[in-house]
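One structure is given here, and the rest of the page talks about it.
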Amino acid sequence: MIHEVSYVGKPVFEFQQFAEGLALEGHDVYVLQFPEGMTRKEISKFDGHLRISGRAYSSSSVTLVTQNLPGGGIFSRLLAAALAPKYLAKLFRDLRPDAILCYAVPTYGWQAALEAKRNKIPFLFRAIDVSHLIRKGVFSPLVFLASLKVHRLAGGISTHNQALADSLSKDKKVTCPISIDLPPVDLRDFQFDAEKRSS
């Protein structure tokens, strides 16, 4: 799995649920994160690959992969994007993934899509938002171009709502299947004590 946010620093959402759910099913899951907001010292604790206990499911575990960067700010994000083609080529050679589930767009996404295509690795892009509209700024046009590249290179696109699927399907250069897949819901998160509720 590939994302461009911190796996350990962000609130738990489907990113962790999918990764850890796949691990619970017996898959060996590696997760490439971008160490957003971390210092150089904090990044060094990951030492490239680090096995961690699950955040969504405590009985699960995944291996975090963290690029060796000088920090988790904008300079490091630009550096990560520039170094990503070479970095991902080596990572894919070392890990030999059976498939890639990608949430990333400008930092690792389009580069991963290219490398996956080059190596004939199935590549599924999970579209959960409109990337270039999240943080409007000077880089928004570049993020938009990166998102077009990811969508057009993907072997499949998965999203969680009809509106986003419709928007993606308007790009005639997107030739892969687009599916609507709802994020996982763990009903244990919504359990309550019936006795306490009735009193």
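Tell me whether region 161-176 contains one or more residues that are part of a loop (DSSP other than H, G, I, E, B), under 14 Å from the mean Cα position of the chain (by Cα), among the β-branched types (Val, Ile, Thr) and at pLDDT below 95.
Checking region 161-176: not a single residue is part of a loop (DSSP other than H, G, I, E, B), under 14 Å from the mean Cα position of the chain (by Cα), among the β-branched types (Val, Ile, Thr) and at pLDDT below 95.
Which of the residues that make up region 123-160 are part of a helix (DSSP H, G or I) and more than 20 Å from residue 77 (Cβ to Cβ)?
Once the filter is applied, which keeps residues that are part of a helix (DSSP H, G or I) and more than 20 Å from residue 77 (Cβ to Cβ), region 123-160 yields 151, 152, 153.
Among the residues of region 88-99, which ones are open to solvent by 10 Å² or more (accessible area, probe 1.4 Å) and in contact with a strand residue (DSSP E or B) (Cβ under 9 Å, 6 or more places away or on another chain)?
Residues satisfying the conditions are 91, 92, 95, 97, 99.
So residue 76 fits all but one of (1) closer than 23 Å to residue 147 by Cβ; (2) of a type in the set (Ser, Thr, Tyr); (3) open to solvent by 60 Å² or more (accessible area, probe 1.4 Å); what number is the exception?
Going through the list (1) closer than 23 Å to residue 147 by Cβ; (2) of a type in the set (Ser, Thr, Tyr); (3) open to solvent by 60 Å² or more (accessible area, probe 1.4 Å), residue 76 breaks only (3).
Report every pair of residues separated by at least 6 positions or lying on different chains whose Cβ atoms are under 7 Å apart, first residue within region 73-90 and touching a residue at least 40 places away in the same chain (Cβ under 8 Å), second open to solvent by 20 Å² or more (accessible area, probe 1.4 Å) and not in a helix (DSSP H, G or I).
Short answer, once both residue conditions are applied: 76/70.
As an exercise: evaluate residue 125 against (1) surrounded by 14 or more Cβ atoms within 10 Å (Cβ to Cβ); (2) at pLDDT below 95; (3) aromatic (Phe, Trp, Tyr) and give the number of the one condition it does not meet.
Here residue 125 meets the rest and fails (2).
Are any residues in region 133-148 open to solvent by 30 Å² or more (accessible area, probe 1.4 Å) and closer than 17 Å to residue 3 by Cβ, and if so, which ones?
Matches in region 133-148: 134, 135.
In region 110-122, which residues are open to solvent by 30 Å² or more (accessible area, probe 1.4 Å) and either among the hydroxyl-bearing types (Ser, Thr, Tyr) or part of a helix (DSSP H, G or I) (or both)?
110, 114, 117, 118, listed by residue number.
Can you pull out the residues in region 177-191 that are among the acidic types (Asp, Glu), modelled with pLDDT under 90 and in a loop (DSSP other than H, G, I, E, B)?
Scanning region 177-191 gives a single hit, 186.
Only residues that are touching a residue at least 40 places away in the same chain (Cβ under 8 Å), under 25 Å from residue 143 (Cα atoms) and either open to solvent by 20 Å² or more (accessible area, probe 1.4 Å) or in contact with a helix residue (DSSP H, G or I) (Cβ under 8 Å, 6 or more places away or on another chain) (or both): list them for region 6-29, please.
Passing the criteria: 7, 8, 12, 13, 18.
The values are calculated or read from the model by the stated rules, or taken from the named source; none is laboratory data. Bear in mind that the values here come from a model prediction, so they are computed numbers and not experimental data. Because the Cβ atoms are built from the backbone with ideal geometry, glycine has one as well, and the counts that use them run over all protein chains shown. Ligands, DNA and RNA are excluded from the accessible area calculation, which covers all protein heavy atoms including side chains. Shrake-Rupley method; radii C 1.70, N 1.55, O 1.52, S 1.80 Å.
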